[in-house]
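Comments concern the structure below.
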Amino acid sequence: MPSRKFADGEVVMGRWPGSVLYYEVQVTSYDDVAHLYTVKYKDGTELALKESDIRSQSSFKPRKSQSSSSSPSRRSNTRSRSRSRSPGRPARGRRRSASQSREHKDDKKKTVQETALALPVLVLFKPSENNTKRYNGEPESTEKNDTSCIILEQKLKPDLEIKRVLEQYSLRPRKDDRKKEEIYSEKKTFVAVKPVEKVPTKTKDLEFGGRIGTFILILFLPATVLYLLSMCKQDDPSLLNFPPLPALESLWEWRVFGIFLLWFFLQAAFHLLPIGKVVEGLPLSNGRKLQYRINGFYAFILTAAAIGVLLYFQFELHYLYDHFVQFAVSAAAFALALSIYLYIRSLKAPEEELAPGGNSGYFIYDFFTGHELNPRIGSFDLKFFCELRPGLLGWVVINLAMLLAEMKIHNLSVPSLSMILVNSFQFLYVVDALWYEEAVLTTMDITHDGFGFMLAFGDLVWVPFVYSLQAFYLVGHPTTITWPVAAAITVLNCVGYYIFRSANSQKNNFRRNPADPKLANLKFIPTATGKGLLVTGWWGFVRHPNYLGDIIMALAWSLPCGFNHILPYFYVIYFICLLVHREARDEHHCKQKYGLAWERYCQRVPYRIFPYIY
């Protein structure tokens, strides 16, 4: 990435966001990741600006006008003479000589020079706290007591102005003037500034405990999945009753691995179908926007049809339950192989295509977090595909398999009420994600995180095999609940879903069209990036209301399992820890991106996830 142009403490001219006005500011810091300068105005306002919105003071310094040495009477006389000798007027008296004609053109050119040097000045008002601001951050009005202003002459370009006025009056410069212009243009070509070589931007702030922490997680995450699934198989799944280690040969079966590969490539084929709309993602660091085909809901319908055909031909879907651990191991092996492929191909990726959070230079850390931001095979985006397709749809299929396994093992004509609630709640969550698939393009997973072991394992292993933990638990440990309890749990899930969906819709609609009349009642804080931070609605209640809805729904998914063991509530505990980590990461990212505006937002909305608690 290019090196910084302005140093800390340097006094420059900064453009006010959303306007063409420049003010005197002082550079306080520079963010190597976001490539933004934090500048401070004279009134104490701090904003984060791009390098293209900052100019040196020398470019605004006024030139001494040649016309200042000339008296007004002389200028008026000159202009009157040039008007009396205008080429468009008929000549009076005897015909002019050639020398008089040249003198006339010289006077004309001198007049043009004086006119060009007497250009209007640009008046810039000093920003004040009393100024009211629009969404784009431009001051709308200035109080009478704030009359201090900075008057700067526009940067003059006499040669270009002379040429423009000469063409306006149908005049042509002499041959020697043309030669001078050609020499001047050639000199400008030779003195062009040499572009600065791109310097790779390394990730400085390491998450997850750095190299040691990520190495431990690579080993710990698969072991955790194996531990949880083995616990559910026991008659007494208490935490103190540690399950025996399974034999290695019992963890692998090639037929299971083949079924998993068939599932993965079937979903890839559905994703490549030319159905659904094509949308653009957010701009990348180089300004380019990638295109994505949104057809997740169509893939869900095709998958449901395929499962229906299998059930019609009496395929034993509870085969998933009988070989559940083997399926998890197969998915983990595939995720590991995919992660190795992703890291190897990222070594040849251009610098601008690397993930800002996965370019530390340390192999194990970049392998875990993801080195390349958007790895693609042609137009097939691997990260976007894995985010919602194989794992999320696999979650629904696994829940259905657990429901059928419960009916077969316990000889039930209909599933238990607890199993119905778990399947229904999680089915709603998956359908919602696929219906609003386009919204995932604005998440941190797509815009910031690279595609490495963390996301590959999370999408292909953790989501389908850990998120279905409640349904897997109920097969071996049936729980009976009454209808009033079921109704109360349903209400709780609906409340969580309402908060989750309405908060996300509010945010997405505001991002798409802040001027929508339907959003006129929402208030926001303008930022230097041109975006606004909502301070009313759900986002004025807590900073991350979507996380609050997630946690409430996770609790509703676990309650049908009863309170005999804590194992079904592992998902709730994990989800709280995950969202607290994400919230802390979002806080750090937003503080760097929005600067002072984010501090004002935090003062306005003090609670992060839980109102009056956290």
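The values are calculated or read from the model by the stated rules, or taken from the named source; none is laboratory data. Fair warning: this is a prediction, and the values are worked out from it, not measured in the lab. For neighbour counting, all protein chains shown are included, and Cβ atoms are generated from backbone atoms with ideal geometry for every residue, glycine included. To get the accessible areas, we keep the full protein, side chains included, count just its heavy atoms, and leave off ligands, DNA and RNA. Shrake-Rupley method; radii C 1.70, N 1.55, O 1.52, S 1.80 Å.
Answer yes or no: is there a residue in region 405-425 that is assigned to a helix (DSSP H, G or I), of a type in the set (D, E, K, R) and open to solvent by less than 30 Å² (accessible area, probe 1.4 Å). Outline the logic, then answer.
So the first thing to find is which residues in region 405-425 are assigned to a helix (DSSP H, G or I), and the list is 405-409, 417-425.
Checking the rest, the ones that are also of a type in the set (D, E, K, R) come to 406, 408.
Retained after the next criterion (residues that are open to solvent by less than 30 Å² (accessible area, probe 1.4 Å)): 406.
Yes: one or more hits.
Based on this model, can you work out whether ALA332 counts as of a type in the set (A, V, I, L, M, F, W, C), free of Cβ contacts under 8 Å to residues at least 60 places away in the same chain and surrounded by fewer than 24 Cβ atoms within 10 Å (Cβ to Cβ)? Before the answer, list the steps.
Numbers: of a type in the set (A, V, I, L, M, F, W, C): yes; free of Cβ contacts under 8 Å to residues at least 60 places away in the same chain: no; surrounded by fewer than 24 Cβ atoms within 10 Å (Cβ to Cβ): yes.
So ALA332 fails the test.
If you take the residues of region 437-457 that are open to solvent by less than 20 Å² (accessible area, probe 1.4 Å) and small (Gly, Ala, Ser), which of them is modelled with the lowest pLDDT?
Applying the filter and picking the extreme gives GLY450.
Go through region 558-581 residue by residue and tally those that are closer than 17 Å to VAL485 by Cα and of a type outside the set (Gly, Ala, Ser).
Of the residues in region 558-581, the ones closer than 17 Å to VAL485 by Cα are 558-564.
Checking the rest, the ones that are also of a type outside the set (Gly, Ala, Ser) come to 559-561, 563-564.
The total comes to 5.
List every residue pair whose Cβ atoms sit under 6 Å apart, with the two residues 6 or more apart in sequence or on different chains, where the first one lies in region 511-529 and is within 27 Å of TYR37 (Cα to Cα) and the second, anywhere, is of a type in the set (Phe, Trp, Tyr) and modelled with pLDDT of 80 or more.
Listed pairs, sorted by first residue: ILE525/TYR601; THR527/TYR594.
Among the residues of region 310-319, are any open to solvent by less than 80 Å² (accessible area, probe 1.4 Å), touching a strand residue (DSSP E or B) at 6+ places or on another chain (Cβ under 8 Å) and in contact (Cβ under 8 Å) with a residue 12 or more places away in the chain? Outline the logic, then answer.
Step one: of region 310-319, the residues open to solvent by less than 80 Å² (accessible area, probe 1.4 Å) are 310-311, 317-319.
Checking which are touching a strand residue (DSSP E or B) at 6+ places or on another chain (Cβ under 8 Å) leaves us with none.
No, the conditions are met nowhere in region 310-319.
Run PRO350 past the list (1) open to solvent by 40 Å² or more (accessible area, probe 1.4 Å); (2) closer than 28 Å to THR480 by Cα and report the number of the one that doesn't hold.
(2)
Out of ILE525, ILE499, ILE489, I need the residue that is over 30 Å from GLN326 (Cα atoms), of a type in the set (A, V, I, L, M, F, W, C), within 19 Å of the chain's Cα centre (by Cα) and open to solvent by less than 40 Å² (accessible area, probe 1.4 Å). Which one?
On the way: ILE499 fails: within 19 Å of the chain's Cα centre (by Cα); ILE489 fails: within 19 Å of the chain's Cα centre (by Cα).
None of the others qualify; the one that does is ILE525.
Based on what the data block shows, is VAL491 over 28 Å from TYR292 (Cα atoms), assigned to a helix (DSSP H, G or I) and out of contact with any helix residue (DSSP H, G or I) (no Cβ under 8 Å at 6 or more places or on another chain)?
On the way: over 28 Å from TYR292 (Cα atoms): yes; assigned to a helix (DSSP H, G or I): yes; out of contact with any helix residue (DSSP H, G or I) (no Cβ under 8 Å at 6 or more places or on another chain): yes.
Answer is yes for this residue.
Residues being charged (D, E, K, R) and assigned to a strand (DSSP E or B): count how many of those fall in region 7-25.
Here the count works out to 2.
Taking region 539-563 only, how many residues are out of contact with any Gly (no Cβ under 9 Å at 6 or more places or on another chain) and either in contact (Cβ under 8 Å) with a residue 12 or more places away in the chain or assigned to a strand (DSSP E or B) (or both)?
First, pick out the residues of region 539-563 that are out of contact with any Gly (no Cβ under 9 Å at 6 or more places or on another chain): 539-544, 546-547, 557-563.
Still in the running and either in contact (Cβ under 8 Å) with a residue 12 or more places away in the chain or assigned to a strand (DSSP E or B) (or both): 539-544, 546-547, 557-562.
Selection size over region 539-563: 14.
So for region 269-278 (the condition being part of a loop (DSSP other than H, G, I, E, B) and on the phi > 0 side of the Ramachandran plot), does at least one residue qualify?
Going residue by residue through region 269-278, those that are part of a loop (DSSP other than H, G, I, E, B) are 273-276.
Applying the additional criterion that residues be on the phi > 0 side of the Ramachandran plot yields 276.
Yes, there is a match, as at least one residue in region 269-278 is part of a loop (DSSP other than H, G, I, E, B) and on the phi > 0 side of the Ramachandran plot.
Taking the condition of being open to solvent by less than 10 Å² (accessible area, probe 1.4 Å) and either more than 15 Å from ALA304 (Cα to Cα) or not assigned by the TED database to the domain that holds LYS233 (or both), how many residues in region 373-390 meet it?
Counting residues in region 373-390 that are open to solvent by less than 10 Å² (accessible area, probe 1.4 Å) and either more than 15 Å from ALA304 (Cα to Cα) or not assigned by the TED database to the domain that holds LYS233 (or both) gives 6.
Return the pairs, sorted by first residue and then second, in which the second residue is at pLDDT 80 or above and assigned to a helix (DSSP H, G or I), the first residue lies in region 566-586 and is farther than 22 Å from TYR473 by Cα, the beta carbons are less than 6 Å apart, and the residues are 6+ apart or on different chains.
From residues that are farther than 22 Å from TYR473 by Cα, the pairs are LEU579/TYR547.
Could you please let me know if TYR473 is open to solvent by less than 30 Å² (accessible area, probe 1.4 Å) and modelled with pLDDT under 85?
Numbers: open to solvent by less than 30 Å² (accessible area, probe 1.4 Å): yes; modelled with pLDDT under 85: no.
No.
Regarding PHE215, is this residue under 28 Å from PRO568 (Cα atoms) and either outside the structural domain of GLY391 (by the TED database) or open to solvent by less than 50 Å² (accessible area, probe 1.4 Å) (or both)?
no
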